[in-house]
Amino acid sequence: MTDNAFWDRIAPKYAKQPISNVDAYETTLARVKTYLGSETTALELGCGTGSTALRLCDGTTRYVATDISQGMIDIARGKTAAAEPTPEFHRAGVDAAAFAKGPFNTVLAFNLLHLLPDIDAALGMIHAKLPKDGVFISKTPAIGGKWYYRPLVKTLQLLGKAPHVNFLTVDELDTKVAASGFQIVETGLYPPSTPSRFIVARKV
């Protein structure tokens, strides 16, 4: 099963799941908003069903959100009827198609990097598409130090109940972002128990 087929299949169930840690989520949104403004043109990669896009778009001049799953995008578009302002939702991966609606000076990726088959290639594309001083903001479960996740995830993958997963530590995430040509300007762990690594980086 391809990853986009997996996310299409679980999209309705995913949309009904409550936020696992509301405090961590709200802290993340608060930090992200400090980097957005009236001149921000934002691209969110891996937007899922659009909940975060709807929370952040009013702090930008333009907000485009993409996902590889058409099922996720359909649900996200269904939420825009009562939204003002409204983000744009499009089906696309972390590839040129995601950036075709640009240009953008800010790229966001929440709970995405650990799911990508090639993180280095994705970070390289993001860096290449952003202008000088452009901002990349991400939040990623850093489960590389949690050894017990590996056999669980592998079993779920064999059953078709989990997508591709990268097991990265906090240090490995930071290193990959910096090695892609970004200067890291802020980090955090929200929540620290996961840990879920929050990174703000600027293209230099």
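The values are calculated or read from the model by the stated rules, or taken from the named source; none is laboratory data. Just so it is clear, the model here is predicted, and its values are computed rather than measured. A quick note on method: Cβ atoms are made from the backbone with ideal geometry, for glycine too, and the neighbour counts reach across all protein chains shown. What goes into the accessible areas is simple: the full protein's heavy atoms, side chains included, and nothing from ligands, DNA or RNA. Shrake-Rupley method; radii C 1.70, N 1.55, O 1.52, S 1.80 Å.
Quick rundown of the values:
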quantity: So residue 104, is it of a type in the set (A, V, I, L, M, F, W, C), closer than 21 Å to residue 16 by Cα and open to solvent by less than 60 Å² (accessible area, probe 1.4 Å); calculated: no
quantity: Subset tally (residues that are open to solvent by 20 Å² or more (accessible area, probe 1.4 Å) and closer than 21 Å to residue 12 by Cβ) for region 56-70; calculated: 2
quantity: Residue among 65, 76, 30, 24 that alone is within 28 Å of residue 5 (Cβ to Cβ) and assigned to a helix (DSSP H, G or I); calculated: 76
quantity: First in region 121-132 and aliphatic (A, V, I, L, M), second anywhere and loosely packed, with under 13 Cβ neighbours inside 10 Å, Cβ under 9 Å, 6 or more apart; calculated: 123/179; 125/96; 130/103
quantity: Hits in region 72-95 - residues which are under 25 Å from residue 22 (Cβ atoms) and among the small types (Gly, Ala, Ser); calculated: 76, 78, 81, 82, 83
quantity: First in region 190-204 and of a type in the set (Phe, Trp, Tyr), second anywhere and open to solvent by 50 Å² or more (accessible area, probe 1.4 Å), Cβ under 6 Å, 6 or more apart; calculated: 190/27
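For every residue, the table says whether it meets (1) exposed (fewer than 15 other Cβ atoms within 10 Å of the Cβ); (2) among the aliphatic types (A, V, I, L, M); (3) in contact with a strand residue (DSSP E or B) (Cβ under 9 Å, 6 or more places away or on another chain); (4) under 24 Å from residue 196 (Cβ atoms).
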residue	(1), (2), (3), (4)
37	yes, no, no, no
43	no, yes, yes, yes
47	no, no, yes, yes
100	yes, yes, yes, no
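Rundown of residues vs (1) at pLDDT 95 or above; (2) of a type outside the set (S, T, N, Q); (3) in a helix (DSSP H, G or I), yes/no style:
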site	(1), (2), (3)
86	no, no, no
89	yes, yes, no
98	yes, yes, yes
103	yes, yes, no
114	no, yes, yes
124	yes, yes, yes
127	yes, yes, yes
136	yes, yes, no
140	yes, no, no
